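Student: First, the structure itself, so that you have it in front of you.
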Amino acid sequence: MFADRTNWNLKANPLSEALARHRASGKPLLDLTISNPTECGFAYDSRAILQALANPASLAYDPEPRGLLSARQAVAAYYAARGVEVPVDNIILTTGTSEAYSFVFRTLCNPDDEILIPEPSYPLFAFLAEIQDVKLVRYPLDYDYGWQINFHALQQGITARTRGVIVVQPNNPTGHFTKPREVAKLNDICAARNLAIIADEVFLEFALQAAAPFSFAQNSAALTFTMSGLSKISGLPQMKAAWLFTSGPEELKSRALARLEIIADTYLSMNAPVQWAIPGLLEQRHPFQKHLLERVRRNLAELDRQLAAQKSCARLVVEAGWYAVLRVPATSSDEELAVELLNQKNIYVHPGHFYDFPSDGFLIVSLITREEEFAAGVKLLLSMF
């Protein structure tokens, strides 16, 4: 009765089971995995947000496959403020970046075609690809005083069925940027092999250094699909407002946009109130990002202070984003260690294998956790070693 693509293993993993038991017991919990900014104590201008959603123009139905012009103009202005020119006709609004991925996969791939994805990276990719009948092929990110793409492995992974390469800029959870020389090499490979670059830039705004990072929205050497949205930029995941920008060689870009417009017109998924609100909601990014980055930097400093007082654990270099990767003694599997930390110390962390780290000995913690909880949680975590 059901499609093979939905034959997922629905059995809870040991860490999920342990977390459910812990919460049911009523025991205290220090959650060092939190990623929902609306639950982290950040101050939002609720009046401005609600006013943006109350535009009377929302009462009229005016379907536009690429999204309302005013909303796309606001997205273009957002990029212009970063020094990147983004034509509004090359922007398509989507209900979240997950939908943007589905649009791109449908545009590029026949069933069982392949997309290359980085490893480690975000675990949602597997579900997004399976639902679209796309196969994922992983290319490793190597760590040596910072992260870099293993181009030998990437090129070995390309087959006749490969249609594109996903790049997360900055990567999640490693928090590193794709370097200029890597961008150039990706362009060379993709242009030569007729592959697309699919760039996920939801964390682009959260660089810890002063210099503005490169955006793939300005990439033109290969067909490039760049996506982002309000979930991270303005800390508003509940709005489900994102966009997909297409760039690259003119002929390929035009053909891609024509196909994307038909896909978007088929669904017309983003509702009018959110589209009309996008200009105002984008303005909310300024105070939100300021407060979030202040917390990230303070939590990172606290983490480094506590790590300096011991010798068993260390953190990997982080350039951007909301997470830190800890290198810990691999005396057991990462998942077993996470369960032990939950049961013995009442703290919840993500094991590295959730993000496809190649070996044990990695834990991931969220840097947007409330500061007092973060400091207490890190202290308990380090006391295990």
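Student: Measure out, as a whole number of angstrom, how far apart the alpha-carbon centroids of segment 1-43 and segment 71-150 sit.
Tutor: A separation of 25 Å, based on Cα centres.
Student: Let me ask another. I'd like to check one number: the per residue accessible area of segment 81-132, probe 1.4 Å, reported in Å² as a whole number.
Tutor: Numbers: 1950 Å² over 52 residues.
Ligands and nucleic acids excluded, the figure is 38 Å² per residue.
Student: In addition: Out of the total accessible area of segment 223-373 (probe 1.4 Å, heavy atoms of protein only), what percent is carbon and sulfur? Could you put the intermediate results ahead of the total?
Tutor: Working: 3100 of 6070 Å².
With neighbouring chains kept in place, the figure for segment 223-373 is 51 percent.
Student: Still on this structure, I have one more. For segment 163-206, divide the Cα radius of gyration by the Kirkwood radius and give the resulting Rg/Rh value with two decimals. Write down the numbers at each step before the final one.
Tutor: On the way: Rg = 10.9 Å, Rh = 10.9 Å.
For segment 163-206, the value is 1.00.
Student: Where Lys and Arg each count +1 and Asp and Glu each count -1, what net charge lies around residue 369 among other residues with Cβ under 12 Å from its Cβ?
Tutor: Values: positive: 295, 298, 370; negative: 31, 39, 302, 371, 372, 373.
Net charge around residue 369: -3.
Student: Report, in deg cm²/dmol and to the nearest 500, the calculated mean residue ellipticity at 222 nm for the chain, where each DSSP H run with n ≥ 4 adds -39500 (n - 2.57) and the sum is divided by the residue count. Show your work: numbers first, answer last.
Tutor: Numbers: 13 runs with 153 residues, N = 385.
Rounded to the nearest 500, the figure is -12500 deg cm²/dmol.
Student: Moving to a separate point now. For q values of 0.11, 0.13 Å⁻¹, compute log₁₀ I(q)/I(0) with the Debye formula on a Cα-only model of the chain, without solvent.
Tutor: -0.84, -1.16
Student: Looking at segment 42-121, which GluC sites (Glu not before Pro) are DSSP coil and have at most 16 other C-beta atoms within 10 Å of their C-beta?
Tutor: Details: sites: 85, 99, 114; in loops: 85.
Those that pass, being in a loop and sparsely packed, are 85.
Student: Share of segment 148-204's accessible area from carbon and sulfur, percent, 1.4 Å? The partial results should precede the final answer.
Tutor: Values: 990 of 2020 Å².
About 49 percent, which is the carbon plus sulfur part of the accessible surface.
Student: Below 8 Å between Cα atoms, with a sequence gap of 6+, how large is the relative contact order for segment 194-322 in percent?
Tutor: Working: 142 pairs, mean separation 36.2, N = 129.
Normalised by residue count, the contact order of segment 194-322 is 28 percent.
Student: If you don't mind, another one. Taking a probe of 1.4 Å, how large is the accessible area per residue of segment 217-267, in Å²? Spell out each step's value before the answer.
Tutor: Working: 1930 Å² over 51 residues.
Using a 1.4 Å probe on heavy atoms only, each residue of segment 217-267 averages 38 Å².
Student: Moving on to the next point. Taking the Cβ of residue 105 as the centre, find all other residues whose Cβ is under 10 Å away and add up their charges (Lys, Arg: +1; Asp, Glu: -1). Walk me through the intermediate numbers first.
Tutor: Values: positive: 106, 163; negative: 113, 133.
Here the charged neighbours net out to 0.
Student: Shifting gears a bit: If you count only protein heavy atoms with a 1.4 Å probe, what accessible area per residue comes out for segment 276-353, rounded to a whole Å²? It would help to have the intermediate numbers written out before the result.
Tutor: On the way: 3320 Å² over 78 residues.
Here the per-residue accessible area is 43 Å².
Student: Counting only protein heavy atoms and using a 1.4 Å probe, what share of the accessible area of segment 33-83 belongs to carbon plus sulfur, as a whole percent?
Tutor: Values: 1540 of 2850 Å².
C and S fraction of accessible area: 54 percent.
Student: Tell me which residues come under 5 Å, amide H to amide H, from residue 198 once H is placed; ignore anything under 5 positions away on its chain.
Tutor: 165, 166, 167, 225
The values are calculated or read from the model by the stated rules, or taken from the named source; none is laboratory data. Just so you know, these numbers come straight off a predicted model, no measurement behind them. With ideal geometry, Cβ positions are generated from the backbone for all residues, glycine too; neighbour counts draw on all protein chains shown. Ligands, DNA and RNA are stripped out before the accessible areas are found, and what is left, the full protein with its side chains, is counted by its heavy atoms. Shrake-Rupley method; radii C 1.70, N 1.55, O 1.52, S 1.80 Å.
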